[in-house]
1. Say we look at the range 278-288 and pick out the residues that are surrounded by fewer than 18 Cβ atoms within 10 Å (Cβ to Cβ) and in contact (Cβ under 8 Å) with a residue 24 or more places away in the chain; which of these is farthest from Glu247 (Cα to Cα)?
2. Taking the range 65-96 on its own, how many of its residues are among the β-branched types (Val, Ile, Thr) and either surrounded by fewer than 21 Cβ atoms within 10 Å (Cβ to Cβ) or in contact with a Gly (Cβ under 7 Å, 6 or more places away or on another chain) (or both)?
3. Does Leu271 qualify as being within 30 Å of Gln225 (Cα to Cα), part of a helix (DSSP H, G or I) and in contact with a Lys or Arg (Cβ under 6 Å, 6 or more places away or on another chain)?
4. When you look at Gly77, is it at pLDDT 95 or above and part of a loop (DSSP other than H, G, I, E, B), yes or no?
5. Restricting attention to the range 129-137, does a residue exist that is within 21 Å of the chain's Cα centre (by Cα) and within 27 Å of Ile43 (Cα to Cα)?
6. What's the number of the only condition in (1) of a type in the set (Lys, Arg); (2) surrounded by 16 or more Cβ atoms within 10 Å (Cβ to Cβ); (3) touching a Pro at 6+ places or on another chain (Cβ under 9 Å) that Lys105 fails to meet?
7. Within the range 241-261, work out how many residues are surrounded by 15 or more Cβ atoms within 10 Å (Cβ to Cβ) and either within 19 Å of Pro207 (Cα to Cα) or charged (D, E, K, R) (or both).
Amino acid sequence: MLRLITASLSLQCHHVKYFPSNLRPCGTLTSLENQQTVEGLYILSVDVQKVRKLKGWVLHRNPTYTKEVADLLKDLGASGSIISQILTVYPEAVLCNPDQTLAQKELWMSVCPNQKELVGIIEKFPASFFTSSSHHENQRNNIAYFLSLNLNKRMITKLMASAPQSFSCPVEQNKDMVRTLQQTYQNLGGNKVNMKIWLQKLLNQNPFVLLKPPQVLGQNMLFLQDQGFRTEELLYLLSKLKAFVIELNPDSMCRTLTFSRDTLGCSDAELRDIIISCPALLYYSKDILAERFQGLLSAGISIHQIAQNPTVLELTTQIINYRIQRLNSRGYDVRTSSLDVLIGTKKDFEVSYGKLQFRRERPLFNPVAPLKVDE
């Protein structure tokens, strides 16, 4: 069934077209700097020297709307220092005419909770806000589409900020990708009730998934199916990997799986169990895994221990060495003990580390302590 679905999707899907987010708005390019622009930026405490060095072409454009852009940001509640920072980092903003920026404000406020949050977004992602007016219709259509999916408005705002190209492209492109994701999830047995939450987490993990060719998902699922993963296991991997499943390809996964099987000395069935325990193994390259295996083996950890706790491979060699040193200093030997304490985030490690009962050896003689002698 999965093969038939994938073949059908491949025929329907289109290749992603790229729409650059930093389009330079129309205007006349002159040989001399526009003194009105330069003076306006100085008044706003913008680092004009930095602008000259990195984006000097902006200063040669005419017309510009420095005061109008600053006034709009002030109306949103931006302080003088924030306005200065925005225009230093993204001076192209002064090329956007007032009607264009006002239209952008209305678009963003349709999903942004308040003006304060919008200022924060513009500060971090100015290129996403000050975009070409030719994209406004696509932006409106995409906002309407994602709202129709009942996605959280904050989620939509994050998508617009971090992956503006996905909102500049025609809405049908996003519909193709979302339909592919939804169909794959359901065809593998995913619960329709949970699908919205799953989709929202996937987009939150990697907003750029919308710019990928939809057929990539089907190809990756077919490859994993050919490796012997059952339908319920494919659904588990899809749910665990989320957007990372789109970043994979059969060739890289094949190299990774072959290397992991040979290094661990396990069977195909045992390797599948290891992948289920640690899906992240699928997207690490052979070179990265080789380095991490070598780091663990150099620390005295055995292949058997790694196979029993494969998630230890998610940590860099530097992190592993640091944690082992801390444990060794307190008498915990990872070579003969469980690796569970090594695994997880920094917070997980600190919690596990704090719960361990460490060996405390009392010295026979403490040269600092006063001697007790009979008087």
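The values are calculated or read from the model by the stated rules, or taken from the named source; none is laboratory data. In this text the structure is predicted, and so the values were computed from the model without any measurement. Here the Cβ positions follow ideal geometry from the backbone for every residue, glycine too, while neighbour counts run over all protein chains shown.
1. Lys286
2. So the count comes out to 4.
3. Spelling it out, Leu271 is indeed within 30 Å of Gln225 (Cα to Cα), part of a helix (DSSP H, G or I) and in contact with a Lys or Arg (Cβ under 6 Å, 6 or more places away or on another chain).
4. yes
5. yes
6. (3)
7. Total satisfying the criteria: 9.
The rows are residues; the columns are (1) in a loop (DSSP other than H, G, I, E, B); (2) in contact (Cβ under 8 Å) with a residue 12 or more places away in the chain.
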site	(1), (2)
Glu33	yes, yes
Gln49	no, no
Ala70	no, yes
Trp108	no, yes
